[in-house]
Amino acid sequence: MKKSLRNYRLFFHRMGLLFLFIPLVVLILSIILPDRGFSEKENRVLSSLPHLNGSQIASGGFEKQFETYENDQFPLRDLWITLKARTDRLMGKVESNGVYVGKSGYLMEEFKAPDQAQYDATVKAMTDFAQKHSDLKQYALIAPNSINILSNRLPAFAPVQDQNLWIDSLSDSLTDAGVTFIDVRNTFKDHKMEDLYYHTDHHWTTQGAYYAYLQAAKAMGIDTSSDTYDKAPVTRSFQGTLSAKSGFRSGEKDEIDVFLPTGDQALSSVVNYVDEQKKSASFYDTEKLGTRDKYALFFGGNHAQIKINTPTETDNTLLVLKDSYANSFVPFLAQHYRKIIMIDPRYYFGNLEQLIQVENVQEVLYLYNANTFFSDTSLELALTPESDGQDSSDTSDNE
Amino acid sequence: MVFNSIFFIFCFLPVFMLLYYLIPGKLRNLLLFFGSLIFYAWGEPVYVILMLFSSIFNYYMGTELERLYYDDRKQKINLVFSIVVNLAILVFFKYYGFLLNTIGGITGIHIPHPELSLPIGLSFYTFRNLSYLFDIYLSKINAQRNFLTFAVYSTMFPYTSAGPIIRYADIEEQLKQRTINISKFGIGAELFVKGLAKKVLLADNLSVLYSGICSHPQMSVLTAWTGILAYTMQLYFDFSGYSDMAIGLGKMLGFDFNKNFDYPYISTSVSEFWRRWHISLGSWFRDYIYIPLGGNRVSPLKHIRNILVVWALTGLWHGASWNFVLWGVYYGLFLLLEKFVLQKYLEKIPSWIRTVYTMLVVMIGWVFFSQTDFGALGHYLGTMFGIGASGFIDSTALYYLKTGFILLLISILACRPAPYQYFRNLIRRRPAAAIIINLILFALSVAYMVYNSYTPFLYAKF
């Protein structure tokens, strides 16, 4: 009895000491320790001490900034975040920020059903464009995402939306308008035991892009019989966006491969970054391997416009309207087109009609991943030439 | 400022407590007053003036009410005046838009009104100050002559933003004289860590579970029940966690506040539930509305009226929307039902069945509480009973039950007294283990609070 009372007192006395001094020590530590500028884990600049300012204090803005600063600069911040993510996993959580923890190490991003009006507008823009340019051969490759192809590796009962309904509907609409829909879903399902997607990132791997390329080649009439490649790993320490976004599997690393054409037939291309006014003899920007965003190895990331010239025998020009999935895909096509123009409508504000005329484009390829395509708003704008005087007069002539 | 933030725990609290323990006892009230103003003004810099005005006004009215003790009529006029002023402020900030919308809905005349943000803790400090005036009027207490002492009561940071609604009578002595020492600080710290863990580890995660479920417009019966179970648990741990932190902080400052929650989810009747849930609010309505209206010592019809009035007001206190009134009246009806019909039956059945009955009433009640839109409310309630549901069970339900299983299990255990009794025994037998448990809970809570600002920048997203 006596001992239990003594223990009782001991407990509260120690609790008092600990909780009087722990916060104090942490406070002193966070003052002494130098502020971190950049968080590698979150890939962002951490907030710094806000400046005192009368009106900011009165509005509550300073207080908010100061709290963010305290949080950002909390000692061992990354360790706490890892601890939180680990605890979540222990508690049985399998989803965070729209990213699911799949089986065999895959992180998979959820598919959000598109806004119907936006989807309709995009499809209309594409079909109108197809009718207007019936002289151009047009293809669409909308790559399924890992959540679709690897759905059997999703956590049990995960309440995800079905991407296939939308891809099917798109395929029907585009086929009716005369656009060749390149459906890689079956090919991907056949190869789903291979690494078609990165485990920690939302992109397809170069292997995945290669299978898609083989499928596309058939549809586009490209002879791939003389293609031979050396598969070369360029990094094994790629930590993709999905691990950053979810906080899960922060220890996991991916390998990035490049497929280099071999043999006597192999042609070398010249890559022209139009806006940047920069030319390169390689598709790959190896400097990016030193940064967090290692997928930017391919063409150094997304650019408004890239022109690729390759001394092929045939004289043909391909326009690719694309997202970042194209960046690891287009190098395969380069062997077969004299000129490829890659346009990323999210960054491109030029006149597409003019570009098609000036560059004498013969073929158009839409290359997107489904998650991006079905949430995209920029493709519709790029295809609809309403803001441009000359084009709108063209349209009225047609009507 | 909120308690469950890195800034409060690792910046405000250590600096404040260090000063509080180092300065002479005479100055503590002054420090507490200014500390409370800073606490309130942090994030709410303009409305601190409103809170100060309320303190000054009610301090003055308190002395007036006492001065007019022998002049019944004048005292009554002064009381009514001060009630009107207090309620006018509350109504203006909290119910203005609600009133105009309701009038607009009935008459068709839509009066445009600015959307005012609700001053933090307004409902709480209005009720606290009113209880002070009522108690003076009822001669339960003497008015406080010293403004600083009253201001400390009226603005003290542990309970200023979210209660409990501490009565002046309960801490009158402590406002002048209170003991502080490391052990009492430790008692407070233990309570604070418990409350913090309830809020950050349980309530916030239950909230993620519930909002995940609510993102599905079409649910199965089981999904809807899983959702409302998560919400039921979330509300309890959120509110009781905050109260635990408040009471804990009070202990650190040398105060002893009464408990605000007493394991409400083990209640065996709805009336018992309300004796265990948000005790300081229930007793406020009992003492200052229900009993002055005559309570149960009137004709049965008036008694019924009293109960319904009190519960409609209790509902309205929780938010400026009709669903809260509905929620209050719902409880009023169940209390009447128990009082006049069910009581004699309830006595005969085993207590676990009574708890199941009570929890069903409570959980369905939370549906009224959770949905301000009547259409959504009706849809959710309907789904729980199979109307408009996509079947009884579906994979979505299994997903949330599977991924939320541990959380829900811990929650159900943690709203019962047994784990806390076990912990108290552990303190007696192995104090070191008990300390380690507290440190682990604290560290996990810190991890979740740090994570709140985790905002990875997703480069070139696609």
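Here, each number is a calculation from the coordinates, and none is a lab measurement. Everything numeric here is computed off the predicted structure, so don't read it as measured data. Cβ atoms come from the backbone with ideal geometry, glycine included; neighbour counts cover every protein chain shown.
General observations
- Gained length - B:Arg73 relative to B:Lys348, 0.36 nm times residue gap less alpha-carbon distance: 93.9 nm
- Mean partner shielding of peptide B:431-440, defined as the number of other chain Cβ atoms within 10 Å of each residue Cβ, is 4.
- Residues whose placed amide H lies under 5 Å from that of A:Asn369, excluding near-sequence neighbours: A:Ala143, A:Asp323, A:Tyr325
- From the alpha carbon centroid of the range A:85-118 to that of the range A:286-343 is 30 Å.
- In terms of packing, defined here as the mean over residues of other Cβ atoms within 10 angstrom, the peptides A:148-154, A:57-63, B:104-110 line up highest first as A:148-154, A:57-63, B:104-110.
- For residues of A:66-78, the mean tally of beta carbons on other chains within 10 Å: 5
- Estimated FRET transfer efficiency (A:Ser59, B:Phe53; beta-carbon r; R0 22 Å; 0.05): 0.60
- Nearest-20 debye value, the range A:303-386 charge dipole, Cβ charges on Lys, Arg, Asp, Glu: 240
- The mean count of C-beta atoms from other chains within 10 Å of the C-beta of residues in A:90-102, rounded to a whole number, is 3.
- Sum of side-chain charges, B:Ala162 neighbourhood, beta-carbon under 14 Å (Lys, Arg +1; Asp, Glu -1): 0
- With both labels modelled 7 Å from their Cα along Cα-to-Cβ, the B:Val85 to A:Ala117 distance reads 5.1 nm.
- Note on A:His191 and A:Leu214: the extension gain reaches 7.0 nm, defined as 0.36 nm multiplied by sequence separation minus the Cα-Cα distance.
- Of the residues B:Leu222, A:Trp204, B:Leu342, the one whose Cα sits farthest toward the positive end of the charge dipole of the protein assembly as shown, with +1 on the Cβ of Lys and Arg and -1 on the Cβ of Asp and Glu, is B:Leu342.
- Calculated FRET efficiency for the pair A:Asp35/A:Asp172, C-beta based, R₀ 60 Å, to 0.05: 0.60
- Summing +1 for each Lys or Arg and -1 for each Asp or Glu among the other residues whose beta-carbon sits under 14 angstrom from that of A:Gly208 gives -3.
- With each label modelled as a point 7 angstrom along the Cα→C-beta vector, the A:His133-B:Tyr263 pair spans 7.3 nm.
- Relative contact order for chain B: 17 percent, from Cα pairs under 8 Å spaced at least 6 residues apart, divided by residue count.
- Highest average first, the peptides A:114-121, A:72-79 ordered by how many other beta carbon atoms sit within 10 Å of their residues are A:72-79, A:114-121.
- Rounded to the nearest 0.05, the FRET efficiency derived from the C-beta distance between B:Ile182 and B:Arg416 at R0 = 30 Å is 0.45.
- Relative protection proxy for B:80-92, B:205-217, from highest mean packing down: B:205-217, B:80-92 (other beta-carbon atoms within 10 angstrom).
- About its Cα centre, the dipole of chain A is roughly 3240 debye, where the only charges are +1 on Lys and Arg Cβ and -1 on Asp and Glu Cβ.
- Of the DSSP H helices in chain B, those that are both long (alpha-carbon extent of 18 Å or more along the helix axis) and hydrophobic (Kyte-Doolittle mean at least -0.5) are B:28-41, B:48-67, B:72-90, B:122-137, B:182-197, B:221-253, B:300-318, B:322-337, B:351-370, B:431-451.
- Antiparallel %, DSSP beta bridges [both residues in the protein assembly as shown], to 5: 60
- The simple spin-label model puts a point 7 Å past each Cα toward its Cβ; for B:Leu99 and A:Ser237 those points are separated by 6.6 nm.
- Summing charges over neighbours of A:Asp115, with a neighbour being any other residue whose Cβ is under 12 Å away from its Cβ, gives -2 when K and R count +1 and D and E count -1.
- When each full DSSP H helix of chain A is screened for a Cα extent of at least 27 Å along its own axis and an average Kyte-Doolittle hydropathy of at least -0.5, the helices passing are A:2-32.
- Difference of contour (0.36 nm per residue) and Cα-Cα distance, B:Ile304 to B:Arg145: 53.2 nm
- Within chain A, percent of DSSP bridges classed antiparallel, to nearest 5: 60
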